[in-house]
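I have placed the structure first, in the form of structure tokens, so that the comments after it can refer back to it.
What follows draws every value from the coordinates through simple rules; no lab data is involved. Treat the numbers as computed from the prediction; the structure is a model and nothing was measured. With ideal geometry, Cβ positions are generated from the backbone for all residues, glycine too; neighbour counts draw on all protein chains shown.
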Number of protein chains: 2
Amino acid sequence: MAVTLHDVAREAGVSYATASRALNGSDRNVRQENAVRVQAAAARLGYVPHAPAQAIARGSTNTVALVVSDVDDPYFSMIAAGVIDAAEDAGLIVTMAVADRSPGLELQIVRTLRGHRPRAIVVAGSRIDGSGERASLVEELEAYRASGGRVSLISQPDLPFPTFAIDNTGGARRLALELAGLGYQRFAVVHGDDAIRASRDRRTAFADGLREAGLGLDPGCEIATDFSRSGGLAAAERLAELARAGVEAVFAVTDVMAIGAMSGLRAAGLRPGVDLALAGFDDIEAAGEVTPGLTSVRAPLREVGRRAVEAALSGAPAGVVDIPVEVVLRDSTPPRHRGADPPRTVVVNGATHLTARKGHDVAASSQAHGHVT
Amino acid sequence: MAVTLHDVAREAGVSYATASRALNGSDRNVRQENAVRVQAAAARLGYVPHAPAQAIARGSTNTVALVVSDVDDPYFSMIAAGVIDAAEDAGLIVTMAVADRSPGLELQIVRTLRGHRPRAIVVAGSRIDGSGERASLVEELEAYRASGGRVSLISQPDLPFPTFAIDNTGGARRLALELAGLGYQRFAVVHGDDAIRASRDRRTAFADGLREAGLGLDPGCEIATDFSRSGGLAAAERLAELARAGVEAVFAVTDVMAIGAMSGLRAAGLRPGVDLALAGFDDIEAAGEVTPGLTSVRAPLREVGRRAVEAALSGAPAGVVDIPVEVVLRDSTPPRHRGADPPRTVVVNGATHLTARKGHDVAASSQAHGHVT
DNA sequence: TTGAAAGCGCTACCAG
DNA sequence: CTGGTAGCGCTTTCAA
């Protein structure tokens, strides 16, 4: 049905082998004249090499597989963009699958993808704890690697593969310090299920940061909800109550949740940023576009995607690469001037001096390299 | 290096052929006992069938290829989400490539993809006119189809394949009528290069709608800029001038551009929705999240993605399926009450009665099925 | 129900 | 430099 190399060879009047060499041979051992002849024939016939056949003959494909939790989430689409960039640079095609935050599905997907024998598999998505599938996932990836495949992970910092870990802990902690520095004293946190590592890490690190700043976090102020926009929306009612009870600022563990909460607060008659300050995490594009601009913690997601495939392809050793993040202050957390209190100055680790600056759109705080955790 | 069917067969103590049948055979002609034996062996060895080999033996793969212009654009990520959904339902894996709005790259990508012999290729992305590559694209796609592949297109309504066309024309026109009905009289339009079909169609249809409502559009009020967020941002300065000169409302041909313009207007000291009304197109998620909510035209992108793969897989005939859109009025275009003028009532095609309703978040206008164009 | 063997389209090695 | 040809891993007749 389709045009095969055989047809091209015949059309060009050369042997099968010669045609192959002329078209894809790493050798240059083909007479100019024949090469041209073959290429012309291929073009005339609309021949495209059969990738699966090449894969089987060569023993390797030209694809990279990417597993994400959700496509329609800006967090993952930025990562995907980076992955696709890097793959393209390497002349590879990207195969993408969505695990929908289900460890079971994720496992199954990795199995399927492995069958396609990609050059590398990149798994992005927050680790779900406590699932029996975890061990199976590792096993699967290990088997893949054993058969010559390369693996790299984004944000699953406890598996035996090269891993790019967004610094959730450091980011959330520093965010807490920044907000404290801005004069906020009473906080609430909106988070997802603790089984979602990113959610738990950010939540606890934020609380730690608060403690470090000499502030507390009332247990009643930690609102568990769905790890999504609608979760944030649903939390709004409770937040409104808390605001009335004196809470001044909320940290939602993702921007998506924070933006949901923002809508909900408005619906409840509160003015985000005025009646209740709000901060998120990830610094997705929308964070800079909502009003008031959402204070957040930025991770270079696109770059992480790039680096993940580069690392995998280059056969990087297992180990965690901490991806530094930076706090981005926007109008949703205006400085809170209290006549009584003196302006706060926070000293971290007895060294880094965190100053809360504020710019029009993006005001990055102190650097976040390494283990500030 | 990797575990092969051969290994499994040996481990299970049966023949190669039997192992194959037990694992993937469409037949059920394997004794229960052997089947179990083989499956156990496969599990023990961590065997995964070699997809390229299966592809070559069977003559068909289990992938669907998707070509988009940009991943990191919500318009395309919604479509991608739909495509992935449908593919998953069909037990297929999605291969995704980004053409970056370059016809040349798109062509090259389709060629490469074709080599992978996917079951179907779905091409999304607004057609770029006037490029010589167009014919080549069609040729490539045609060759692919000739070799048994299925093709479907999203929003490229003039190629000989099953196509899902967002009703840009009808949507923009109806948006114009709605805005006129709201009392706006002086407009500006922010658009991209006319070579981008979606941009041109929306722009001209909007002008047509205005004309239909008895309003004009000053040529000086059509601002050509980059077909992106930053393009919208860049147009803001000009928009501010126009607003001062009496322009009341702006239509940006995409939400992404409109949101960029919104930021820019704010920076210029104007209040979007108050000093200048603003409307976009696509109804991406962010449209409902910015403040004021952005009036837009909604297309069921995710569903379109689903349908595109379903159509391709089921071998739908060439032809255009018009995807109806609906106008979504939000706070960025508040009704404009003018003491003098009587409330407008617009009659379309002498039949449909368009009423501008306004809800909290989503107020859909009259239906948009078929050829209202 | 099973095993043997013929391909699938291509690459790469081995002689010429 | 070129043509034969042996695989690559799997599916699928064809006999047994």
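Data for the structure
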read-out	value
Rounded if a/c under 1.5, otherwise prolate or oblate - the range A:104-199, Cα gyration tensor axes	prolate
Exam field: B:GLU139 pseudo-label spacings to other copies (7 Å along Cα-Cβ), nanometres	5.2
Copies compared at B:ASP7 - label distances in nm, ascending, label defined 7 Å from Cα in the Cβ direction	3.7
Under 5 Å, built H, 5+ apart or other chain: amide partners of B:ILE154	B:VAL123, B:ALA124, B:GLY125, B:PHE164
Stretchable slack from A:GLU139 to A:VAL36, in nm (0.36 nm times residue separation minus alpha-carbon distance)	32.2 nm
Only Lys, Arg (+1) and Asp, Glu (-1) charged, at Cβ; the range A:63-166 dipole about Cα centre in debye	400 debye
Interchain or long-range residues, amide H under 5 Å from B:THR95's placed H	A:MET96, B:VAL64, B:ALA65, B:LEU66
Residues A:ARG336, B:ARG119, sorted so that the one with the fewest Cβ neighbours within 10 Å comes first	A:ARG336, B:ARG119
Principal-axis tilt of helix A:103-115 within chain A, Cα atoms, nearest 10 degrees	20 degrees
Antiparallel bridge percentage (DSSP; both residues within the range A:118-230; nearest 5)	10 percent
Under the Karplus curve 6.51 cos²θ - 1.76 cosθ + 1.60, θ = phi - 60°, whole-Hz ³J(HN,Hα) for the range B:258-265, x wherever Gly or Pro sits	4, 5, x, 4, 4, 4, x, 4
Computed lengthening from B:ARG44 to B:ASN29, 0.36 nm per intervening residue step minus Cα-Cα distance	3.1 nm
Per-selection Rg to Rh, chain B - Cα, Kirkwood hydrodynamic radius	1.13
Positive dipole terminus of the protein assembly as shown, leading residue within B:GLY220, B:ALA9, B:PRO162 (C-beta point charges)	B:ALA9
Theoretical ellipticity at 222 nm over chain A - DSSP helices of four or more residues, -39500 (n - 2.57) apiece, nearest 500	-13500 deg cm²/dmol
For the range B:29-91 versus the range A:64-86, the gap between their alpha-carbon centres in whole angstrom	19 Å
Cα-centred dipole magnitude for chain B, charges only on beta-carbon of K, R (+1) and D, E (-1), debye, nearest 20	780 debye
Contour excess over end-to-end distance, with Cα ends at B:ALA146 and B:GLU241 and 0.36 nm allotted per residue	28.7 nm
Note, ³J(HN,Hα) from phi for the range B:89-99, Karplus 6.51, -1.76, 1.60, rounded to Hz, x at Gly and Pro	4, 8, x, 10, 9, 9, 9, 10, 9, 10, 8
The range A:10-21 - phi-based ³J(HN,Hα) in whole Hz, Karplus 6.51/-1.76/1.60, Gly and Pro as x	4, 4, 8, x, 10, 7, 3, 4, 4, 4, 4, 4
Under-5 Å amide H pairs with A:VAL190, H placed in peptide plane, nonlocal only	A:ILE223, A:PHE251, A:ALA252, A:VAL253
Bridge type composition, chain B - antiparallel percent by DSSP, nearest 5	20 percent
Using alpha-carbon coordinates, inclination of helix B:229-244 to the longest axis of chain B, degrees	10 degrees
7 Å along Cα→Cβ, label-point gaps from B:ARG244 to other copies, nm, shortest first	4.6
The range B:5-58 shape via C-alpha gyration tensor axes, a/c threshold 1.5	oblate
